[in-house]
Amino acid sequence: MSDEFYFNVETGEVERGKESSWSSRLGPYPTREAAEHALATARERNAAWDEEDRREAQD
């Protein structure tokens, strides 16, 4: 069994290994807990990238 975890965006469930299609998965994550927080992590990263883009546009 795989040691990697994925978050399935269609079902909202954490999967161990590549159970579903690549288009439905976020990850891999090293732990089940990290995969459970995949959407929050993605939101935080997107917000940081948006802020970086705003700063670069101001320069």
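Values in this text are rule-based calculations from the coordinates and carry no lab data. For clarity, every value in this text was computed on a predicted model and none was experimentally measured. Cβ: placed from backbone, ideal geometry, glycine included. Neighbour counts: every protein chain shown.
Extension gain for the segment residue 32 to residue 9, taken as residue separation times 0.36 nm less the Cα-Cα distance, is 6.8 nm to one decimal.
Using a simple spin-label model with pseudo-atoms 7 Å out from Cα toward Cβ, residue 20 and residue 45 lie 1.7 nm apart. Shown here: mean projected area of the Cα convex hull in nm², derived from the displayed model; of the candidates (i) 5.5; (ii) 4.6; (iii) 3.9, it corresponds to (ii). Taken one residue at a time, the phi angles of the stretch 42-49 give Karplus couplings (6.51, -1.76, 1.60, θ = phi - 60°) of 5, 4, 5, 5, 4, 5, 5, 5 Hz. Gly and Pro are set to x. Under the convention that each Lys and Arg Cβ holds +1 and each Asp and Glu Cβ holds -1, the size of the dipole of the chain around its Cα centre is about 160 debye. Other residues lying with their Cβ under 10 Å from the Cβ of residue 13 contribute a combined charge of -4, Lys and Arg counting +1, Asp and Glu -1. In a DSSP loop and with at most 16 other Cβ atoms within 10 Å, the GluC sites (Glu not before Pro) in the chain are 4, 10, 13, 19.
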